[in-house]
Amino acid sequence: MSMVPTLLSVEGLTKSYGGVHAVRGVSFELRAGEILALIGPNGAGKSTCFDMLNGQNIPDSGRIRVLGAETTGKKPRVIWRMGVGRTFQIAATFPTMTVRENVQVALVSHGAQLFNLWASTARQARDEAGRLLDLVGMGAYAERPCGELAYGDVKRLELAIALANQPKLLLMDEPTAGMAPRERVELMRLTARIAREQSIGVLFTEHDMDVVFEHADRILVLNRGTLIAEGSPEEVRGNTQVRAIYLGEGLLYDARHREGASA
Amino acid sequence: MAFYVVQFLTGLASAASLFLVASGLSIIFGVTRIVNFAHGAFYMLGAYVAFTLTERFSGAFGFWGGIIVAALAVAAIGVLVEMVLLRRIYHSPELFQLLATFGLTLMVEDLVVLIWGPDDLVGRRAPGFKGAIEFFGQNIPSYDLFLIALGPVVLGVLWLLFQRTRWGVLVRAATQDRDMVAALGVNQKWLFTSVFALGVFLAALGGALQIPRDAVNHAMDLRVIVEVFVVVVIGGLGSIIGAFVAAVLVSELNAFGILIFPKISIILVFLVMAVVLIVRPWGLFGKPEAPARRTPGLTVNPWRPLTTNERLAAIAVLVVAAALPFVAGNYVLTVGSEIAIFVIFAVSLHFLMSVGGLASFGHAAYFGLGAYGVALLAKMAGLPMIACLLLGPLLGLLGAAVFGFFAVQLSGVYFAMLTLAFAQIVWSIAFQWVSVTGGDNGILGVWPEKWAASPSHFYWLSLGIAALAVVILRIIVFSPFGFALRATRDSPLRGEAIGINGKRIQWTAFVIAGTVAGLAGALFAYLKGSVFPDNMGISLSVDALVMVLLGGVETVSGAVVGAIVYKALNIWLVSQTDLSKLVLGGFVVLIVVAFPKGIVGTLEAFVHRRRKSSSSASSPLLTSRIESAE
Ligand SMILES: Nc1ncnc2c1ncn2[C@@H]1O[C@H](COP(=O)(O)OP(=O)(O)OP(=O)(O)O)[C@@H](O)[C@H]1O
Ligand SMILES: [Mg+2]
């Protein structure tokens with residue numbers, strides 16, 4: 001594993017809102033093809049981490065590098081062009097367009113065609129969009145209005161959009177929230193397969209521990225903004241501190257998950 | 001030195017009324033999230049009612065009592081408006097709320113003329129504050145000193161009201177989180193109504209207190225609302241202290257701006273506003289708003305290019321329209337040209353509003369700039385007509401490039417207020433810069449050359465350009481740029497996360513829309529043979545909004561239909577009644593409340609529903625499969 005290049009390196013990432021330390025001195029690395037889970041209770045600072053990684057949010061201090069290049073404080077669109085795709089905790093897509101068009105926009109953007117006023121978008125990257133939709137199992141829905149999709153399908157569409165620029169790093173904030181248990185497993189299997197095939201590094205958060213332990217190569221545990229444990233699923237499972245503050249409440253996972261999904 | 005002090009005090013005195021109106025607007029916005037465009041109308045009503053009462057009842061008691069009673073009476077009208085109209089549109093998109101309250105403004109303008117007549121009314125001076133106080137050889141009206149003291153007093157009273165009373169606590173809670181207040185079991189309806197009443201009371205009081213300083217007239221509503229928008233943009237919507245500070249700032253800038261740029265004093269205010277917007281887009285004391293509600297309702301019918309049949313139908317309609325000169329007389333052709341020009345204007349706004357999600361309340365600025373561009377080129381440079389038509393709209397482009405850059409930094413109601421303020425600035429430049437624009441007298445004698453002079457030729461020219469504009473804008477809608485623009489409208493967050501520079505895209509759209517509007521204005525100058533400041537006036541901006549709305553905001557080019565219907569109706573209406581604003585305003589309110597999808601939108605929904613029901617009838621298997629897939 002150590003021969004694989006470091007894809008993402010994070011050093012001392014910190015962010016606070018007024019008196020709330022949302023994220024405190026978080027450091028970790030992620031290698032190409034690796035699937036890394038970032039877990040922690042509600043309000044632990046996971047989304048805040050994601051927002052800083054893709055440029056949505058500017059850290060108070062700390063450094064972020066993607067393949068050695070500094071991305072700290074850069075705009076999301078710039079970071080996206082460096083090969084970082086992301087999905088949101090509350091899925092963000094374009095509801096007034098068809099499913100295919102949603103992916104086409106991302107492809108057009110990847111092809112630097114955004115200021116083309118003349119061509120017809122319908123013909124641009126049509127097949128490529130179809131291929132991506134097939135990949136996430138949404139091919140049959142290509143011509144459907146995105147606004148009519150079930151939430152689980154919106155999440156899959158979001159994944160297709162995030163894959164449009166052939167990312168090297170995929171950031172997925174609760175990719176399976178709001179899905180039925182069977183769908184969850186399917187989506188994560190799919191993500192894992194794509195990641196291995198294309199050697200994409202994946203950082204994801206998840207409240208469903210089954211999903212986490214099944215798919216993550218490594219797990220980071222965040223609590224009140226601080227990393228309290230890091231290691232393989234077995235190590236994390238065995239960590240007493242994690243058990244105390246996190247797994248000890250294991251019975252609550254499902255209830256909490258439902259909360260997160262409806263929020 | 002004394003002169004400057006006096007100038008400063010005059011500015012402070014003007015700030016009092018402005019603060020009253022702006023704080024009322026802010027309070028209403030804070031709780032109901034409605035930007036009450038009719039606030040200027042309530043201000044004006046306050047002044048008129050107070051005029052009548054203070055004339056009717058003599059003495060100090062009559063005067064001060066009249067002012068208070070006037071404000072209370074107008075507040076009562078406000079309560080009525082809130083209960084009858086606003087309660088129906090609290091959940092509508094912002095654009096509709098702005099338009100409905102604007103429709104009210106139009107109605108009030110005509111009603112005021114109907115009741116009090118068109119002439120300026122000069123009220124009496126305030127008992128006890130009739131004289132002036134001498135200050136190093138300069139005179140300061142003592143009434144000004146009264147107003148200067150009044151501002152901070154009202155600020156203090158409002159502060160006490162919000163900090164020390166149960167009602168105030170509720171209002172503050174509602175400003176933070178409306179649903180929470182509802183959950184607490186507070187009667188939300190009456191909370192909203194009382195807040196609206198207070199806001200209107202403040203506006204009316206502001207108007208009533210102007211009587212001793214200024215003549216009362218039926219244009220004072222728009223003047224004040226533009227200034228108030230500038231104030232809340234600078235101070236931050238929803239902040240009372242922001243309204244106070246910004247009212248003082250704007251009034252002082254006006255007072256001293258006159259000394260620096262006597263002709264175009266408003267420039268100074270504009271510069272300050274621009275700086276504030278760059279440094280603090282949500283105003284000095286404002287808080288960043290949650291992402292604005294999407295302007296059009298959520299369309300689930302994705303837009304599609306026309307099918308071959310629809311295309312043929314459109315061409316057939318165009319051919320029929322082109323045959324008009326063979327059957328119609330000159331008057332009809334002139335009307336036809338005007339309608340064609342307004343189709344261009346309406347589709348340009350439609351592009352910005354429906355495709356870009358940016359509802360401009362000052363789109364006439366670019367129409368007018370195009371018209372003035374042509375007039376200046378034709379009269380001063382003596383260029384041929386073709387050159388003027390091509391170059392004139394560039395003035396619209398230039399204006400849109402400058403103002404659009406600032407406007408797209410904001411969204412939703414801030415965008416609307418800012419575009420309105422910009423348009424008003426352009427208007428006052430045209431009005432005040434007499435040496436270049438001819439001021440109120442406009443520029444006359446801009447006639448088309450021989451080849452385009454006959455009504456039929458000019459009609460064909462207008463029709464051809466209109467068709468071209470519609471086609472080009474449609475092509476852009478379905479181009480990658482159009483997709484990027486719609487993507488930014490749908491979800492700026494997702495757009496940015498897939499590499500779209502939303503602001504740059506919106507700015508480009510603004511410039512495109514401004515240029516096309518400029519083209520419409522250029523043709524309009526030739527149609528009328530003259531240009532006037534009113535070619536960039538607020539009512540023209542609103543005409544365009546209504547055309548788009550009437551056609552259907554959620555359609556690809558419903559504005560074409562909206563423009564034709566509205567313009568034809570409008571021309572007919574003006575020939576039928578003197579109260580066109582009253583009818584028009586009522587019409588706007590009616591569309592918003594009863595008919596928000598517009599003509600084309602309603603038709604589309606109808607067709608869609610029929611298609612859906614017939615397809616589900618023919619293949620029940622398919623629908624059931626889709627349902628189970630979900
Ligand atoms: N914009 C903000 N302003 C103030 N506080 C914030 C803001 N965003 C996040 N926080 C706070 O920062 C902390 C971390 O929030 P974050 O959303 O990152 O948690 P999370 O781990 O993603 O939680 P969840 O599992 O609920 O998604 C929370 O206490 C939250 O209240
Ligand atoms: Mg989160």
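The values are calculated or read from the model by the stated rules, or taken from the named source; none is laboratory data. Treat the numbers as computed from the prediction; the structure is a model and nothing was measured. So basically every Cβ, Gly included, is an ideal-geometry build from the backbone, and we count neighbours across all protein chains shown. Protein only, heavy atoms only, side chains kept; ligands, DNA and RNA dropped before computing areas. Shrake-Rupley method; radii C 1.70, N 1.55, O 1.52, S 1.80 Å.
Miscellaneous remarks
- If you go through region A:79-94 and keep only what is within 8 Å of another protein chain (Cβ to nearest Cβ) and open to solvent by 40 Å² or more (accessible area, probe 1.4 Å), you end up with just A:ARG81.
- Within region A:125-226, helices (runs of 4 or more DSSP H) holding 3 or more residues that are touching a Phe, Trp or Tyr at 6+ places or on another chain (Cβ under 9 Å): A:151-162, A:209-215
Condition check ((1) open to solvent by 20 Å² or more (accessible area, probe 1.4 Å); (2) within 7 Å of chain B (Cβ to nearest Cβ)) across all residues:
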| position | (1), (2) |
| --- | --- |
| A:THR96 | no, yes |
| A:ARG100 | yes, no |
| A:LEU117 | yes, yes |
| A:ARG126 | yes, no |
| A:ALA140 | yes, no |
| A:CYS146 | no, no |
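- Being crowded, with 19+ Cβ neighbours inside 10 Å and away from ligand 2 (no atom under 16 Å from the Cβ) is a description that does not apply to A:LEU67.
- Subset tally (residues that are open to solvent by less than 10 Å² (accessible area, probe 1.4 Å), in a strand (DSSP E or B) and within 12 Å of ligand 1 (Cβ to nearest atom)) for region A:23-62: 4
- Unique residue being in a helix (DSSP H, G or I), within 14 Å of chain A (Cβ to nearest Cβ) and farther than 30 Å from A:ALA160 by Cα when the list is B:ILE472, B:ILE476: B:ILE472
Okay, residues lined up against (1) at pLDDT below 95; (2) within 16 Å of ligand 2 (Cβ to nearest atom); (3) among the small types (Gly, Ala, Ser); (4) more than 21 Å from A:ALA92 (Cβ to Cβ):
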| residue | (1), (2), (3), (4) |
| --- | --- |
| A:ASN116 | yes, no, no, yes |
| A:SER120 | yes, no, yes, yes |
| A:GLN124 | yes, no, no, yes |
| A:GLY139 | yes, no, yes, yes |
| A:CYS146 | yes, no, no, no |
| A:ILE161 | no, no, no, no |
| A:ARG184 | yes, no, no, no |
| A:LEU187 | yes, no, no, no |
| A:LEU190 | yes, no, no, no |
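- When region B:495-533 is filtered for residues that are in a helix (DSSP H, G or I) and either among the β-branched types (Val, Ile, Thr) or in the same structural domain as B:GLU94 (by TED's automatic domain parsing) (or both), the ones remaining, listed by number, are B:ILE505, B:THR508, B:VAL511, B:ILE512, B:THR515, B:VAL516.
- Residue within region B:568-586 that is farther than 26 Å from B:PRO455 by Cβ and among the basic types (Lys, Arg) present: yes
- Hits in region A:160-205 (condition: of a type in the set (Asp, Glu) and within 16 Å of ligand 1 (Cβ to nearest atom)): A:ASP173, A:GLU174
Residue-wise test of (1) loosely packed, with under 15 Cβ neighbours inside 10 Å; (2) at pLDDT 90 or above.
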| residue | (1), (2) |
| --- | --- |
| B:GLY537 | no, no |
| B:VAL542 | no, no |
| B:TYR566 | no, yes |
| B:PHE587 | no, no |
| B:PRO596 | no, no |
| B:GLY601 | no, no |
| B:SER613 | yes, no |
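- Set B:GLY464, B:GLY499: member being at positive phi and free of Cβ contacts under 8 Å to residues at least 60 places away in the same chain: B:GLY499
- Listed here are the helices (runs of 4 or more DSSP H) enclosed by region B:106-211 that have at least 1 residues being of a type in the set (Gly, Ala, Ser), under 29 Å from B:THR54 (Cα atoms) and open to solvent by 30 Å² or more (accessible area, probe 1.4 Å): B:142-164, B:188-208.
- When B:PRO492 is tested against the conditions (1) buried (at least 24 other Cβ atoms within 10 Å of the Cβ); (2) within 14 Å of chain A (Cβ to nearest Cβ), the lone failure is (1).
- Every residue from region B:219-251 that is surrounded by 21 or more Cβ atoms within 10 Å (Cβ to Cβ) and not in a helix (DSSP H, G or I): B:GLY236, B:LEU237, B:GLY238, B:SER239
- Residue match in region B:317-338 (condition: at pLDDT below 95, within 14 Å of another protein chain (Cβ to nearest Cβ), open to solvent by less than 40 Å² (accessible area, probe 1.4 Å) and out of contact with any Lys or Arg (no Cβ under 6 Å at 6 or more places or on another chain)): no
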